[in-house]
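The values are calculated or read from the model by the stated rules, or taken from the named source; none is laboratory data. None of these values were measured; they are calculated from a predicted model. Neighbour counts are summed over all protein chains in view; Cβ atoms, including those assigned to glycine, are modelled from backbone coordinates with ideal geometry. Remember, those area values only see protein heavy atoms, side chains included, never the ligands or the DNA or RNA. Shrake-Rupley method; radii C 1.70, N 1.55, O 1.52, S 1.80 Å.
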Amino acid sequence: MTNEYNLPIPTITTEAKPFWDGLANNELLIPKCNDCGHMFMYPKAYCPNNGCFSSNLDWEKVSGVGKLFSYTIVHRAADVRFQEIASQGPYIFALVELKEGPKLITNLINADVNNVEVGMSVGIIFEKINEDITLPKFQPL
């Protein structure tokens, strides 16, 4: 756990609480519709798949591996709350497509910004920032 975390802390909504609870236990849980089988991110109270809108949802543990779908290298943060981390060097803001299908917005860490490629294999790292919040970050495999 880092000694001091100075970035914005996520707000845990009722719909997303199982996601955050899973991360605290080093598990990546994704919502899945029991009616149509669709897995999705970000957590919602209903299935967003093509008008399904079912509220018959469960949480499924997924592998935590996937591919880098898209990314940007941040040199200067647009949001003042992220300027301190951006001033420490560029960081990678990423969209990861999990092996199971859903996409997750995250950071790519332990990666050389000059050797990042769309399609590269990545795996989850659980970063505990305080007693309540563990963040899902990814690194190259």
- Message: Tell me whether the stretch 19-34 contains one or more residues that are among the aliphatic types (A, V, I, L, M), modelled with pLDDT of 95 or more, crowded, with 16+ Cβ neighbours inside 10 Å and over 24 Å from D132 (Cβ atoms).
- Response: no
Subset of the stretch 98-116, residues farther than 14 Å from L29 by Cα and touching a strand residue (DSSP E or B) at 6+ places or on another chain (Cβ under 7 Å), comes to I105, T106, N107, L108, I109, N110, A111, V113, V116
Every listed condition ((1) hydrophobic (A, V, I, L, M, F, W, C); (2) part of a loop (DSSP other than H, G, I, E, B); (3) open to solvent by 50 Å² or more (accessible area, probe 1.4 Å)) holds for C47 save (3)
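Return the residue satisfying two criteria in turn: it lies in the stretch 53-89 and is assigned to a strand (DSSP E or B) and acidic (D, E), and of such residues it is least open to solvent (accessible area, probe 1.4 Å).
Ranking the qualifying residues of the stretch 53-89, first place goes to E60.
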Expected output for the stretch 58-71 (first residue within 21 Å of C47 (Cα to Cα) and touching a residue at least 12 places away in the same chain (Cβ under 8 Å), partner open to solvent by 80 Å² or more (accessible area, probe 1.4 Å) and in a strand (DSSP E or B), Cβ below 8 Å, 6+ apart or cross-chain) is none
By residue number, the members of the stretch 90-106 that are in a strand (DSSP E or B) and either open to solvent by 60 Å² or more (accessible area, probe 1.4 Å) or touching a Phe, Trp or Tyr at 6+ places or on another chain (Cβ under 6 Å) (or both) are I92, F93, A94, L95, V96, E97, K103, I105, T106
